[in-house]
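Working notes, structure below.
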Amino acid sequence: MADPVATEPSQSPFRVLFVCTGNQCRSPFAQELFRSLSKDLGERIEVESAGVAEVEGSASPSRMLEIAGRGGIDLSRHRARALRSLDCSGFDLVIGFERQHVATAVVDGGAPADKTFLLAELIRLLEAVPEGGGDPDDARTVVAGAHAARTGSSFVPGEELDDPIGRSEQD
């Protein structure tokens, strides 16, 4: 007879962290978009964001509020949080937008390297991984599959998403 504890799905939620430079534009937008897209999963998923720069407590720029609002994302209550204030070791998936975000999350934040990706890198790697279900353990298996699909240095030129602060709306 199988051990019932071993066959039970994980009770812990799948935890996602988005990391950008100031935690004012890219990562809070991604956090709220991901939260919105996964709302049907309820308490089975937790999503947070942080920045590698020291701009703790800063609001998103008004232009970002406007652009996000057009997409149905409200960032008006968001305040920047520094990565240094987090222990990233407990996240199931950490997503950065630039190499420095990934490196800082791993080196300074303690994020597991096998669970930390550039956004575009993760999307590319997931093409080789079977789709999971809505269960946190399925999601953990998918992340492990994305890591397994990495070969050597999986960073590809052009996969970084530059900081939009000071850039045109199109950027």
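The values are calculated or read from the model by the stated rules, or taken from the named source; none is laboratory data. Computed from a predicted model, the values in this text were never measured in an experiment. Note that each Cβ is placed from the backbone with ideal geometry, even for glycine, and that neighbours are counted across all protein chains shown. Please note that ligands, DNA and RNA were not included when accessible areas were found on the heavy atoms of the full protein model with its side chains. Shrake-Rupley method; radii C 1.70, N 1.55, O 1.52, S 1.80 Å.
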- Note on the structure: Once residue 124 and residue 66 are pulled to full extension, the length gained, defined as 0.36 nm per residue separation minus their Cα-Cα distance, is 17.9 nm
- Taking amide H positions as placed in the peptide plane 1.01 Å from N, state which residues far from residue 118 in sequence (5 or more) or on other chains have amide H under 5 Å from it. 96
- Item | Computed helical MRE - 222 nm, the chain, DSSP H runs ≥ 4 contributing -39500 (n - 2.57), nearest 500 | -9000 deg cm²/dmol
- Item | Heavy-atom surface of the chain, accessible at 1.4 Å and reported per residue (Å²) | 55 Å²
- What FRET efficiency do you get for residue 54 and residue 135 if R0 is 35 Å and r is their Cβ-Cβ distance, rounded to the nearest 0.05? 0.40
- Report, in debye and to the nearest 20, how large the dipole of the chain comes out about its Cα centre when Lys and Arg carry +1 and Asp and Glu carry -1 on their Cβ. 380 debye
- Using a 1.4 Å probe on heavy atoms of the protein chains only, the accessible area for residue 151 in Å², nearest 10, reads 110 Å²
- Over region 57-115, with every protein chain in place, what whole percent of the accessible area is carbon and sulfur at 1.4 Å, could you tell me? 48 percent
- Message: I'd like the Karplus ³J(HN,Hα) series for region 56-71: coefficients 6.51, -1.76, 1.60, θ = phi - 60°, whole numbers in Hz, and an x wherever there's a Gly or Pro.
- Response: 3, x, 6, 7, 5, x, 4, 5, 5, 4, 5, 5, 5, x, 4, x
- Note on the structure: In nanometres, the difference between 0.36 nm per residue of separation and the alpha-carbon distance of residue 33 and residue 108 is 24.4 nm
- Item | Under-5 Å amide H pairs with residue 48, H placed in peptide plane, nonlocal only | 16, 17, 18
